[in-house]
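Computed from the coordinates by the stated procedures, all read-outs in this text should not be read as laboratory data. If you're wondering where the values come from, they're calculated on a predicted model, not measured in any experiment. Glycine also receives a Cβ, built like all others from the backbone with ideal geometry; neighbour counts cover every protein chain displayed.
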Amino acid sequence: MAVRDYRKRARELRARIDEANYRYHVLDDPQVSDADYDMLLRELIDLEESHPELRTPDSPTQRVGGTPASGFPPYVHARPMLSLANAFDENELTAFDARVRKLGGVQGDVAYTCELKIDGLAMSLRYDNGRLTAGGTRGDGSTGEEVTANLRTIKAIPLTLRGTPPRHIDVRGEAYMR
């Protein structure tokens, strides 16, 4: 494939992914399945990795989350709230294991727990002295929406931690409805 064809394909992928993101995050009207979205994104990632000159600062591969909504106060994350990476084949899973071992300084066995992917809303809960004091969405990874009052209505979220909790802790996960 000629360089101009790669460039054209990268533009097409960015446009399709941007449209899917807009419909999902802004209109709350997704038109692309999670699996199809992941495949589009994977194709763009692979294309940009094999042709770094095609990577742009506004590429969907360079962003996390979305712009915080204007209807909520800002929630500033103490540490960036990044998204998790996907593994689509055995090679990517093996590479993940190698990174875990290297970062953790582990040479022996490593145990993993795997779960089906649940697509929810990424949340960060802040506990001070064992009490839920604030919570927010991921937003753009640095600033999200402050939704503490909404989080307090979710019965599965403890308002007070048991035992001897640390002085400060941020708990991150996905909120979803059955």
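Ignoring everything except DSSP H segments at least 4 long, calculate the 222 nm mean residue ellipticity for the chain; use -39,500 (n - 2.57) per segment, divide by total residues, nearest 500. Calculated from helices alone, the mean residue ellipticity at 222 nm is -10000 deg cm²/dmol. Per-peptide packing, taken as the mean over residues of other Cβ atoms within 10 Å, places 125-136, 152-163, 11-22 in the sequence 125-136, 11-22, 152-163 from highest down. Between rounded, prolate and oblate, where does the chain land on the alpha carbon gyration tensor, with a ≥ b ≥ c its root eigenvalues, rounded for a/c under 1.5, else prolate if a/b exceeds b/c? Oblate shape, in that a/c is at least 1.5 and b/c is the bigger or equal ratio.
The dipole here belongs to the chain: it is taken about the Cα centre, uses +1 on the Cβ of Lys and Arg and -1 on the Cβ of Asp and Glu, and is about 720 debye. The modelled label-to-label distance between N91 and L159, using points 7 Å beyond Cα along the C-beta direction, is 5.2 nm.
In percent, rounded to a whole number, the relative contact order of the chain is 21, using alpha-carbon pairs under 8 Å and six or more apart. Each of G144, G108, L13 was scored by the projection of its Cα onto the charge dipole of the chain, and the greatest displacement toward the positive side belongs to G144; charges sit on the C-beta of Lys, Arg, Asp and Glu.
As an exercise, use a Förster radius of 30 Å and the Cβ-Cβ distance of L84 and V3 to find the FRET efficiency, rounded to the nearest 0.05. Could you put the intermediate results ahead of the total?
Working: r = 32 Å, r/R0 = 1.08.
Efficiency for this residue pair is about 0.40.
For the Cα atoms of the chain, what angle does the longest principal axis make with the long axis of helix 3-21, in degrees from 0 to 90, nearest 10? For helix 3-21, the angle is close to 30 degrees. From the largest down, the range 3-62 spans 35, 20, 18 angstrom on the principal axes of its Cα atoms.
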